[in-house]
Structures are given as structure tokens and as C-alpha cells.
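This report refers to the structure that appears directly beneath it.
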Amino acid sequence: MSTALERTLYTARLERKVCLSESAQCFHLEFAVTLDEGNASDFPFTAGQFVSMVATDPSGKEQTRAYSIASANNGNRSGDILDLCVNRTNGGFFSNYLVDLPVGSTVAMHGPYGYFILKQPITDSILISTGTGIAPIRGFLQWLFPENGPNANLDRSGGKQIWCIYGTRHESELYYHEEFEAIAAKHPNFHYIPTLSRADNSWNGLRGHVQEHVANIIEERAAKLGQTLPLAPVDPAIRPADLKFDINAYVCGLSNMISSVREKLAAYGWHRKQIITERYD
């Protein structure tokens, strides 16, 4: 209990709300963060981290819910701004509470937290997500390829190959789709790979689940580099803290998807330290 009391509470004021998908009732929310009402604050989050939002439900009970930050801290907007990507849920309190907030309303929060962040130095990377699991991935991409503000056009990818495999059911549920297409058009080393599990006949892109498309990336890359798959086991004499890899995977979504991706990558000889995950169930 004492730990909770020591947490710094911030005030998040809803500045903008956009419906990303009517069918999925998914909303993009932009919050300005202050330490208390009207006073600016330093909120130095790292792309991929999450915040804990705090509110009181209709029964008077205080509720807390974690949400991945769907933006990067690039200093490209005035004040401390962070984005969330939130789906309305049946029977739930917090997500519905957030998407129903009128612009100008405030909510308490604390953070940032989490270790789902890009490893340094940047390597070739496969970013894999489903549904609102795209939120921290969007943060990664905004940090790697900033488009606005003082860091605009500062390419932090170092020329490494970055793949983004994004899976959902229907085309209407591909959140930030045009934004990712624009990044891919501008940066040849960024490969945006959307895939649908329940696509209709009008969809001309990939179909199936994200784990089904990881294999093509791994095998094509290995062929170009002259690597033999599966990779040789990592030397057990190397301390875990000293392990270095030339490619990493960042996976965000439901547990079943993450497990399937882990199994597929392990079959290619990938080490568990190469697979960084964040689950939201």
C-alpha cells in the first residue's frame, strides 16, 4: 500500500479523440499530461512503455488499467502529449469510460512503466502485433522514423531492415494503416505487412495469421546473408547480459499469438533473448 501512495499521479487531459474503426469501436485518444491542474510536467516515457490510468467506477471503487502508449516522445507537439489506442468492450468499465470521455475531460494516471522497448543499438527487427497490440509498435515507428517537430526526418533506424507484420480480422480494423503505408513509401528499409484473417473478396493483400508470415522473412533474410537454418545454438559460455544478436523480434498481442510466434522463431534457432514480448490478456 505504501508503494501505491508513493507513485506520482499525473493529470491527463483529453485533447483529441478520433474513431479509428466504427465496426470495432476503436478510438485514438490524445492526452496532454500535467503533474497537477494547469502545471506542465516532464513525462519522459520511452516508446513501447505503458501507463496506468486511474478512475472511480459507478460503484465507487477505484479502478486501475494499463494501456500501452501509442506514440513516441519526439518533442513534436507542445507540452507532454501521449496517445492511446482503445477499443470499446462489452461489459467492461475502463475502456468504455475512456472512449466516452468528452474532449477536455481529465483522468488520473501514473507511470510510465514496462520493458517492451527497442534494444540498443538498433538491429534488423520484426515488429509483430495484432489488434490494439499495434499501439506500442506505432510508438516504435514514430521514434525510428519521426515525421514532425524538431526530430523530423531524423532516421534512427540506421539503415537496418524493419518489418512490421500487423494482423487483424477485417480491413476496417487495420488501425493507423495509411500512416504506416506512408512510412513505407518514404523509407525503403521499412516493410509494412498487413494481413487479415477474415478478409472479404475486395482485399488484395496477405491473408492468415501473423505467425504464418514470419517464416518468409526469416528464410529470405537467411538466404541473402548465407545463413543456414536453424541457427547454431548460442555459446552457453556467453553471459546473458553480453548476448548480441543481428536481429530481434518484438511481439505484442494475445498470449496464444505470442506463444505461436515464439515456437516458430525457436524452430529457426532463435534465442529467447531475441524475442521481446508484451501481452494484453
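The values are calculated or read from the model by the stated rules, or taken from the named source; none is laboratory data. Quick caveat: nothing in here was measured; it's all calculated off a predicted structure. Counting neighbours? That spans all protein chains shown, and the Cβs are built from the backbone with ideal geometry, glycine included.
Of the residues 46, 11, which single one is outside any loop (DSSP other than H, G, I, E, B), surrounded by 13 or more Cβ atoms within 10 Å (Cβ to Cβ) and modelled with pLDDT of 85 or more?
Details: 46 fails: outside any loop (DSSP other than H, G, I, E, B).
The conditions single out 11.
Give me the pairs, please: first residue somewhere in the range 16-32 and farther than 23 Å from residue 106 by Cβ, second residue anywhere and in a loop (DSSP other than H, G, I, E, B), beta-carbon distance under 7 Å, and either six or more positions apart or on two chains.
Filtered contacts from the range 16-32: 21/175; 23/170.
Counting only residues that are buried (at least 21 other Cβ atoms within 10 Å of the Cβ) and either in contact with a Leu (Cβ under 7 Å, 6 or more places away or on another chain) or assigned to a loop (DSSP other than H, G, I, E, B) (or both), how many does the range 144-160 have? Step through it out loud before you land on a result.
So in the range 144-160, the residues buried (at least 21 other Cβ atoms within 10 Å of the Cβ) come out as 144-145.
Narrowing the set further to residues that are either in contact with a Leu (Cβ under 7 Å, 6 or more places away or on another chain) or assigned to a loop (DSSP other than H, G, I, E, B) (or both) leaves 145.
Number of matching residues: 1.
Taking into account only those residues within the range 17-31 that are touching a strand residue (DSSP E or B) at 6+ places or on another chain (Cβ under 8 Å) and not in a strand (DSSP E or B), which is surrounded by the fewest Cβ atoms within 10 Å (Cβ to Cβ)? Lay out the reasoning, then the answer.
If we filter the range 17-31 for residues that are touching a strand residue (DSSP E or B) at 6+ places or on another chain (Cβ under 8 Å), which is where we start, we get 17-20, 24-31.
Right, trim to not in a strand (DSSP E or B) and you get 24-25.
On the way: 24: 18, 25: 16.
Taking the candidates together, the pick is 25.
Please go through the range 236-259 and pick out each residue that is touching a residue at least 40 places away in the same chain (Cβ under 8 Å) and surrounded by 17 or more Cβ atoms within 10 Å (Cβ to Cβ). Give the steps one after another, and end with the answer.
Narrowing the range 236-259 to residues touching a residue at least 40 places away in the same chain (Cβ under 8 Å): 245-254, 257.
Within the range 236-259, 247, 248, 249, 250, 251, 252, 253, 257 meet the criteria.
Looking at 117, 183, 137, which one is over 17 Å from residue 251 (Cβ atoms) and among the β-branched types (Val, Ile, Thr)?
On the way: 117 fails: over 17 Å from residue 251 (Cβ atoms); 137 fails: over 17 Å from residue 251 (Cβ atoms).
One residue alone meets the criteria, 183.
Can you give me the number of residues within the range 95-107 that are within 20 Å of residue 32 (Cβ to Cβ) and in a helix (DSSP H, G or I)?
To start, the set of residues in the range 95-107 that are within 20 Å of residue 32 (Cβ to Cβ) comprises 97-107.
Remaining after also requiring in a helix (DSSP H, G or I): 97-99.
Result for the range 95-107: 3.
Mind listing whichever residues of the range 239-258 are aliphatic (A, V, I, L, M) and under 15 Å from residue 270 (Cβ atoms)?
Our first condition is that a residue be aliphatic (A, V, I, L, M); within the range 239-258, this holds for 241, 243, 247, 249, 251, 254, 257-258.
Those that are aliphatic (A, V, I, L, M) and under 15 Å from residue 270 (Cβ atoms): 243, 247, 249, 251, 258.
Which of the numbered conditions does residue 138 fail, given that it passes all the others? Conditions: (1) among the charged types (D, E, K, R); (2) within 24 Å of residue 213 (Cα to Cα); (3) surrounded by fewer than 18 Cβ atoms within 10 Å (Cβ to Cβ).
(3)
Taking the stated definitions as given, is residue 116 farther than 15 Å from residue 163 by Cβ, surrounded by 15 or more Cβ atoms within 10 Å (Cβ to Cβ) and under 17 Å from the mean Cα position of the chain (by Cα)?
Values: farther than 15 Å from residue 163 by Cβ: yes; surrounded by 15 or more Cβ atoms within 10 Å (Cβ to Cβ): yes; under 17 Å from the mean Cα position of the chain (by Cα): yes.
Considered against the rule, which asks whether it is farther than 15 Å from residue 163 by Cβ, surrounded by 15 or more Cβ atoms within 10 Å (Cβ to Cβ) and under 17 Å from the mean Cα position of the chain (by Cα), residue 116 comes out as yes.
Within 21 Å of the chain's Cα centre (by Cα) and either under 21 Å from residue 134 (Cβ atoms) or among the small types (Gly, Ala, Ser) (or both) - does that describe any residue in the range 220-231?
At the first step, the residues of the range 220-231 found to be within 21 Å of the chain's Cα centre (by Cα) are none.
No, there is no match, as no residue in the range 220-231 is within 21 Å of the chain's Cα centre (by Cα) and either under 21 Å from residue 134 (Cβ atoms) or among the small types (Gly, Ala, Ser) (or both).
Residue 249: modelled with pLDDT under 95 and either of a type in the set (A, V, I, L, M, F, W, C) or part of a strand (DSSP E or B) (or both), yes or no? Talk me through it step by step, then tell me what you get.
Values: modelled with pLDDT under 95: no; either of a type in the set (A, V, I, L, M, F, W, C) or part of a strand (DSSP E or B) (or both): yes.
Against the criterion (modelled with pLDDT under 95 and either of a type in the set (A, V, I, L, M, F, W, C) or part of a strand (DSSP E or B) (or both)), residue 249 does not qualify.
Six or more apart or on different chains, Cβ under 9 Å: which pairs go from a residue in the range 118-147 that's charged (D, E, K, R) to one that's surrounded by fewer than 24 Cβ atoms within 10 Å (Cβ to Cβ) and assigned to a helix (DSSP H, G or I)? Could you list them?
124/221; 138/179; 138/180; 147/179; 147/182; 147/183; 147/186
So which residues in the range 91-113 are surrounded by fewer than 18 Cβ atoms within 10 Å (Cβ to Cβ) and among the polar types (S, T, N, Q)?
Hits for the range 91-113 are 96, 105, 106.
Tell me which residues, restricted to the range 220-235, are charged (D, E, K, R) and buried (at least 16 other Cβ atoms within 10 Å of the Cβ). Step through it out loud before you land on a result.
The first filter runs over the range 220-235 and keeps only residues charged (D, E, K, R), leaving 220-221, 224, 235.
Result: 221, single match.
Please determine, by comparing only the residues of the range 161-208 that are of a type in the set (Asp, Glu), surrounded by fewer than 16 Cβ atoms within 10 Å (Cβ to Cβ) and not in a loop (DSSP other than H, G, I, E, B), which one is nearest to the chain's Cα centre (by Cα).
Filtering the range 161-208 for residues of a type in the set (Asp, Glu) gives 171, 173, 178-179, 181, 200.
Narrowing further to those that are surrounded by fewer than 16 Cβ atoms within 10 Å (Cβ to Cβ): 178-179, 181, 200.
Narrowing further to those that are not in a loop (DSSP other than H, G, I, E, B): 178-179, 181.
Working: 178: 16, 179: 14, 181: 16 Å.
Going through the qualifying residues, I end up with 179.
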